[in-house]
1. Toward the positive end of the charge dipole of the chain, about the Cα centre and with charges on Cβ (Lys, Arg +1; Asp, Glu -1), which of Ile119, Gly201, Gly79 goes farthest?
2. Long-range amide H contacts for Trp202: which residues qualify at under 5 Å (H placed 1.01 Å from N, peptide plane, sequence gap of 5 or more or a different chain)?
3. Count the DSSP beta bridges whose two residues both fall in the chain, then state the antiparallel fraction as a percent rounded to the nearest 5.
4. What does the accessible area per residue of the chain come to in Å², with a 1.4 Å probe and no ligands, DNA or RNA counted?
5. Please list the non-local residues whose amide H lies under 5 Å from the amide H of Asn102, H modeled 1.01 Å from N, same-chain partners needing a gap of 5 or more.
6. List the longest stretch of the chain that has no exposed loop site; here a site is one of the chymotrypsin sites (Phe, Trp or Tyr not before Pro) assigned by DSSP to anything other than H, G, I, E or B, with at most 11 other Cβ within 10 Å.
7. Only Lys, Arg, Asp and Glu count, each charged at its Cβ (+1, +1, -1, -1), so figure out the dipole size of the range 36-125 about its Cα centre, rounded to 20 debye.
8. What part of the accessible area of the range 136-240, given as a whole %, is carbon or sulfur when the probe is 1.4 angstrom?
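The values are calculated or read from the model by the stated rules, or taken from the named source; none is laboratory data. The structure displayed is predicted, hence computed values, not measured ones. Every residue, glycine among them, receives a Cβ derived from its backbone with ideal geometry; neighbour counts consider all protein chains shown. Accessible surface is based on the protein model in full, side chains and every heavy atom, while ligands, DNA and RNA are left aside. Shrake-Rupley method; radii C 1.70, N 1.55, O 1.52, S 1.80 Å.
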Amino acid sequence: MDFQLSEDRMMIQDMARKFASDRLRPNAMRWDEEKTLDRDVLREAGSLGFGAVYVREDVGGSALKRLDAALIFEALSAGDVSHAAFLTIHNMASWMIDTYGNDDQRRQWLPKLAPLDLIASYCLTEPSSGSDAASLRTRAERDGDHYVLNGSKAFISGAGFSDLYVVMVRTGEEGPKGISTLVVEKGTPGLSFGANEKKMGWNAQPTGIVNFDNCRVPVANRLGEEGQGFKIAMSGLDGGRINIGACSLGGAQAALDRAIEYAKTRQQFGKPIADFQVNQFKLADMATELEAARLLLYRAAGALDAGSPEKSKLSAMAKRFATDTGFRIANEALQIHGGYGYLKDYEIERIVRDLRVHQILEGTNEIMRVVISREMLRG
């Protein structure tokens, strides 16, 4: 086992860190307050290869590994969790088109998705189907060379902002075998969006309902065959769980760094609060838990890259542990700041708010325990 990153991976990591420091962190507070994604900054990320991290090179992708992606999204999240997490969603949608799309579909969309000239969202969750994704009700009826879509998707990051929507729809029987995947382009008649949800965190990302009202989508926009949609949706989750765990690591590291800096400069009872053992022990535990989470997440990313039989179990473990740990560390960093941690000027409260949702999305951490225990008890 080699725990040292290669020179190439350190260069990738350094590039992402510099982008986070120069372009994300200075604007993160404004984006949170204005509740907006910055399309120009996203395009800048695309110019560095962050828009199609593990998409093949023939359509403009970077063709990197999942471990590389984890390093990138961890580094970006230290600058702004919300923009970094949105990039993970775009990357997952792009990967689905690259993996399951035919050559025409790949060449139609991916050369524009890679540089983020086009932006993609992933649409699975519905108002009545969250953890039970196979019960989705959005229906697509075949009508000649089109499907007619009716239904809605909920909690969609990029709703109304993105240009493409990779949508899971029901084309057949109840259950997972009746689900297919369609790519719906913004501007398609019958496609509309609800108001931007008022959220605790991830405020820079517009999140809302995506509605389909007799929305006609060409059959040519279907990824794979009819009935493959649930498989396509689930195949993206291992990587998605690693990515969102990586975002938690990056946010937690940023919070820890701020806590250390604050503890060294904040004076109470005539000395820096870093001199008090209670804070020293707290910082030591935060750093130890963060490193443990990082090692588990990198291990899971390596297993996914290697196609290990344990990849789903390890991805669920890493997601559960990294997102729980990341939120706890950020919350402890806020506590070290005392009352100042509750003020927006110190940015800790934003990191806490942004990291909280990671314990819910890409499968709740309760569902992660279901996945882990099922794998353990199988056979």
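1. Gly201
2. The list, which skips near neighbours in sequence, is Asp354.
3. In the chain, approximately 85 percent of DSSP beta bridges are antiparallel ones.
4. Here the per-residue accessible area is 43 Å².
5. For Asn102, the qualifying residues are Gly224.
6. It runs 4-268.
7. It comes to approximately 160 debye.
8. Ligands and nucleic acids excluded, carbon and sulfur reach 50 percent.
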